[in-house]
Every structure is written in C-alpha cells, then in structure tokens.
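Everything on this sheet refers to the single structure shown next.
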Amino acid sequence: MDSKQGSRFRPIRANLRAKITLGVVVPLTLILGVFTFIEASRHREIEIYNLTILASQSGKVIESSLRNAMLESNFSEVQRILDSIGDAGEFRIVYLLDSNGKIIFSPHGQDVGNRLDNNHPTCQACHKLPPKARPSSVLVTDDDQRVFRSMYPIRNTPECMTCHAPEEPIIGLLLTDIPFTKVESALAADLRENLLWWFGTIFVTIIVVNLAMSNIVINRLEKLAQALVGFGQDHLSLRLPADDPDEIGQLSEAFNSMSQRIEEEAAENRALSDHLYQQSQQRGQLLKHLITAQEDERKRVARELHDDLGQALGALALQTEALEQLIDQDTEGAVHQLNITQDLITDTSDRMYELILALRPSTLDDLGLISALQSHAERYLEGSGIVFELNTDGLTDRLEPEMETTLYRIYQEALNNVRRHSGAKKVSITISMHDGFLESVIQDDGRGFDLNKLDTNRENPRGWGLLGIKERVSQWGGQVEIATQPGNGTLIRLRFPIDEVNGG
C-alpha cells in the first residue's frame with residue numbers, strides 16, 4: 001500500500017513546480033473556503049434578519065389593516081384583505097387565529113376552522129421554549145419546504161374590549177409563512193458567483209505564482225541542479241551567475257567558490273601527480289644511471305689496478321730478480337737497482353693512495369667534512385685554473401657521519417660540474433649554522449645554463465649530477481634551490497633542519 005501511494009505521488013514529489021503549486025493552491029483553497037463559508041453564513045444571517053424585519057413590518061401592516069375592519073365587525077372586509085394578500089403570492093400562509101389556536105380567517109377560507117397543534121414539529125421550534133424565550137420568527141420545514149414563520153400577537157386594546165373580556169391580554173394571533181426558496185436560491189447563486197470568483201482568483205494566482213517563481217526561483221534552482229550534475233561529472237569549470245544577493249544568489253556564490261577551490265585543488269593534485277610521476281621516472285632513471293656508474297667505477301678501479309698496480313708489481317718482481325743477481329757481483333749496480341725499486345714502490349704507493357682517495361678519503365673519517373673537502377678541492381682543481389674558496393660560519397662541531405658523507409658527495413659532484421662544464425675561474429662553498437638550519441651555498445662565476453632545457457641523458461651528465469644532489473638533499477628532509485641562467489654563473493643553495501643534521 002505504501003509503495004503504491006509512493007509511486008502515485010512520485011510525479012509530484014519529483015517536480016518542484018508541482019510542489020510550489022500545491023503549496024499555493026492548498027492553503028489558498030482552505031483560506032478562501034473558510035472565508036466563503038463565513039461569508040455565506042454571514043449573508044444567510046443577514047437575509048434571515050432582513051426577513052425577520054420584513055415579517056415584523058408586514059405583520060404590523062396586516063394587523064393594522066385588519067384591526068379597523070374587525071373593530072367595525074366588517075368580516076367581509078377582513079376576508080377581502082386576506083384574499084388580496086394571498087393572491088399577491090408573497091406569503092405561503094396567512095392565518096388569523098383566535099386565542100385557542102383555531103383558524104378563523106385565511107385567504108379564500110383555506111383551513112378555516114382547523115386548530116393548530118402546538119405539538120406539531122413545525123410548532124415545537126417555538127413552543128418547546130418558555131413563553132418569554134420564544135422568538136417572533138423562526139425558520140422551519142413544512143411539507144418538505146423551507147419557510148420563514150412569523151407570529152404576530154393581536155393584543156387586547158380598549159377598542160377591542162367591547163367584544164372581548166378585559167382580562168384577555170392576547171385576543172388572537174397573525175401567523176404568516178414566507179417561502180424561503182427564493183432566499184435560498186439567491187444565496188446559492190451568490191455562493192456560486194463567489195466560488196467562480198475564487199476559482200478564477202486561484203487560477204490566476206497559480207499562473208502568476210508559477211511565472212514569478214519560475215523566473216525568481218525555479219529556473220535558477222534548475223541551473224544550480226544542472227551545475228551540480230555537471231560538477232559530479234567532473235565539469236569543474238562550471239560557474240553560476242550570482243547577481244542577486246538573496247539566498248539562491250548566496251548559494252550560487254558558495255557553489256562558485258567551492259567549484260573554484262576544488263578546480264584549483266584538482267589542478268594542484270594533477271600537477272602534484274605529474275610531478276610525482278616525473279620524480280618517479282627520474283628516480284628510476286637515476287637508479288639505472290647509478291648502477292651504470294657503479295659498474296663503470298668498478299671497471300675503472302679494476303683497470304687501474306690491472307694497468308697501474310699490476311704492472312708496478314710486475315716491474316717490482318723483475319727489479320727484485322735483477323737485484324738478486326747483482327747483489328753479489330756488482331755492488332754499485334745493485335744499489336742503483338735498489339734505488340729504482342724504491343722509486344717504483346713510492347710511485348705505486350702514491351697511485352694506491354689516489355685510488356683510495358677516489359673511493360673514500362680517510363680524511364673524511366679522521367678529520368671531518370671541512371678538512372676532507374678542502375683537501376679534495378685542492379687536489380681535484382689543481383691545474384684547472386679555478387680558484388677555490390671555503391667559508392664556514394658557526395660550524396664548530398662535527399656532524400653525523402652519514403650527513404658528512406652526504407655533504408661531501410654533494411660538494412664532490414658540484415665541483416665536478418664546475419670543472420667539467422662551467423668554464424668558471426672561481427668557485428666558493430659557504431657552510432653555516434643559524435636559525436635552526438644548516439645552510440650551504442655553492443657558487444661559481446661560470447657560463448651558467450638554462451634549467452628548463454636541462455635533460456637527464458648520457459649526453460648531458462650535468463643533469464644526472466644535479467638530480468643526484470636533489471635526491472641526496474631530499475633524503476635528509478632538506479631543500480635545494482638552483483639559480484642560474486646563461487652567462488651569469490650558477491648558485492646552489494642547500495638547507496637542512498638541524499634536528500635531521502644532528503640525527504634527530
């Protein structure tokens with residue numbers, strides 16, 4: 001039953017115009033219905049009151065007309081007057097009753113001689129009440145016809161006492177029935193006219209309200225609903241006009257602000273996603289590059305061990321054999337051969353030291369970052385024509401070993417880029433600790449380059465070096481900033497939180 005009712009009212013529930021129309025029609029109908037009922041009741045009461053006045057005045061006129069004829073005992077004149085009244089058709093009944101309720105005169109002698117029964121339903125409307133509370137007029141139904149009955153008592157006056165006893169205050173009663181059909185027809189016609197006006201008013205109101213609501217509310221809400229549907233389909237660029245400062249205008253403005261914010265966040269998310277994807281791609285390429293570089297470094301070490309150390313050890317073996325042969329026969333030749341052997345051992349040791357320094361300088365572990373960096377720069381830049389300058393500010397204690405290694409590799413890569421690509425005459429490195437951060441600046445006066453055109457491929461090793469620097473910095477929660485342009489040198493600014501630097 002509930003589902004059937006729900007399906008029956010679904011078109012109304014799904015239509016805002018129908019809801020607004022019902023919201024206008026139902027209260028308006030109730031208000032006009034109540035107003036019509038009150039107005040019809042009031043009009044009916046007015047008509048009954050007017051009939052009461054009319055009946056009272058008519059009773060007085062008839063009684064006055066009949067009194068003269070009755071005082072003269074001119075009963076034919078009395079009958080003539082009643083016949084004339086009956087022929088006029090304004091009254092359904094005109095009875096002249098004696099004090100006992102007997103009909104003594106009526107138009108054309110109708111019902112003369114009959115006695116009215118006070119227990120009759122049409123009489124009980126008055127006679128069931130105490131005499132002083134009985135109305136002079138009442139609306140009753142007689143023979144299925146609504147009539148307005150009036151009772152006008154004929155009082156005993158001195159002129160009447162010649163025939164009637166003085167102790168009788170009431171000597172007769174004039175009873176009239178006025179048909180209520182004409183009044184009811186007029187009331188019904190008036191009610192129909194009012195209903196037609198009300199229905200016309202409701203119809204015009206529905207049209208005006210729908211037109212007004214369509215322009216002011218519904219059309220704007222439909223646009224908002226369409227915008228929300230489009231917004232749900234990822235059409236984030238939709239905007240609504242918010243010209244009016246009313247609630248719908250405020251809602252449209254809030255929607256525009258929301259869609260603008262979400263569109264910006266979506267753009268930021270897409271940019272972040274693209275950036276993360278690019279970083280992921282770069283890290284994958286960097287990993288391949290590092291593996292390749294590691295293999296190349298192993299090949300270089302193996303080649304140097306084979307070419308330099310292997311040949312040097314082979315030469316030492318030959319020199320030892322020659323020394324064995326000369327030591328007993330030619331002392332001077334043996335001494336000379338021994339000097340050659342010592343020079344060969346010294347040269348081999350130097351080569352081994354250079355190789356060890358290239359892999360990991362012992363100075364970094366023994367004396368710290370500053371000494372290792374100074375030693376590496378002097379050795380690496382020797383003969384390049386590049387002046388190296390190292391400045392430290394507030395860096396009194398050593399850093400975490402892992403952090404020193406990271407910074408050393410960053411500076412090593414930066415100096416490698418300066419020597420190989422910049423064409424600089426001077427490079428400086430500044431390291432400082434303040435405001436809770438370790439900051440470092442690497443600056444050269446070389447030719448610079450365009451960051452936007454920097455690629456990471458084998459033909460551009462500088463790109464791999466800078467990418468490696470960024471990765472090392474990010475592992476420590478730091479930030480790196482590269483400022484350069486063609487012809488103006490390069491500046492690399494590093495910034496690390498001290499808690500991270502100190503192992504926090």
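The values are calculated or read from the model by the stated rules, or taken from the named source; none is laboratory data. Keep in mind the model is a prediction, meaning the values are calculated, not measured. Neighbour counts run over all protein chains shown; Cβ positions are idealised from the backbone, glycine included. Just the protein is used for accessible areas: all its heavy atoms, side chains included, with ligands, DNA and RNA removed. Shrake-Rupley method; radii C 1.70, N 1.55, O 1.52, S 1.80 Å.
Below is a table of values for the structure above.
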{"read-out": "Solvent-accessible area, 1.4 Å probe, carbon plus sulfur percent, for region 370-414", "value": "43 percent"}
{"read-out": "Simple Cβ-charge dipole of region 35-105, Lys/Arg +1 and Asp/Glu -1, about Cα centre, in debye nearest 20", "value": "140 debye"}
{"read-out": "Region 90-157: trypsin sites (Lys or Arg not before Pro) falling in loop per DSSP and having at most 12 other Cβ within 10 Å", "value": "K128"}
{"read-out": "J(HN,Hα) series, region 166-174, from Karplus relation 6.51 cos²θ - 1.76 cosθ + 1.60, nearest Hz, glycine and proline x", "value": "x, 7, 8, x, 10, 9, x, 9, 9"}
{"read-out": "Highest average packing first - 59-67, 205-213, Cβ atoms within 10 Å", "value": "59-67, 205-213"}
{"read-out": "Residue-by-residue Karplus 3J(HN,Hα) for region 126-133, coefficients 6.51, -1.76, 1.60, Hz, glycine and proline x", "value": "9, 6, 6, 9, x, x, 6, 9"}
{"read-out": "Probe 1.4 Å, all protein chains present, accessible-area order of T141, T52, largest first", "value": "T141, T52"}
{"read-out": "Loop-located trypsin sites (Lys or Arg not before Pro) in region 357-422, at most 15 other Cβ atoms within 10 Å (DSSP)", "value": "R398"}
{"read-out": "Extended-chain gain in nm, criterion 0.36 nm per residue less alpha-carbon gap, L129 and V112", "value": "3.4 nm"}
{"read-out": "Å² of accessible area per residue within region 58-127, as computed with a 1.4 Å probe and no ligands counted", "value": "54 Å²"}
{"read-out": "W476 - accessible surface, heavy atoms, 1.4 Å probe, Å² rounded to 10", "value": "40 Å²"}
{"read-out": "Residues with amide H under 5 Å from that of N156, placed H, sequence gap 5 or more", "value": "I170, I171"}
{"read-out": "Extension gain from T36 to D98, taking 0.36 nm per residue of separation minus the Cα-Cα distance", "value": "17.9 nm"}
{"read-out": "For region 86-94, Karplus couplings with θ = phi - 60° (6.51, -1.76, 1.60), whole Hz, Gly/Pro x", "value": "x, 5, 5, x, 7, 10, 7, 9, 9"}
{"read-out": "Sequence-distant residues sharing a close amide H with F437 (under 5 Å, placed H)", "value": "I498"}
{"read-out": "Placed amide H near F105: partners under 5 Å, 5+ positions off or other chain", "value": "L96"}
{"read-out": "Centre separation in Å (Cα based) which lies between region 74-119 and region 369-409", "value": "142 Å"}
{"read-out": "Cα→Cβ-extended label distance, 7 Å offset, between S73 and I370, nm", "value": "16.1 nm"}
{"read-out": "Of all accessible heavy-atom area on region 78-136, the percent that carbon and sulfur account for (1.4 Å)", "value": "49 percent"}
{"read-out": "Burial ranking of peptide ranges 369-376, 163-170 (average Cβ count within 10 Å, highest at the top)", "value": "369-376, 163-170"}
{"read-out": "Extension gain from Y277 to E382, taking 0.36 nm per residue of separation minus the Cα-Cα distance", "value": "33.7 nm"}
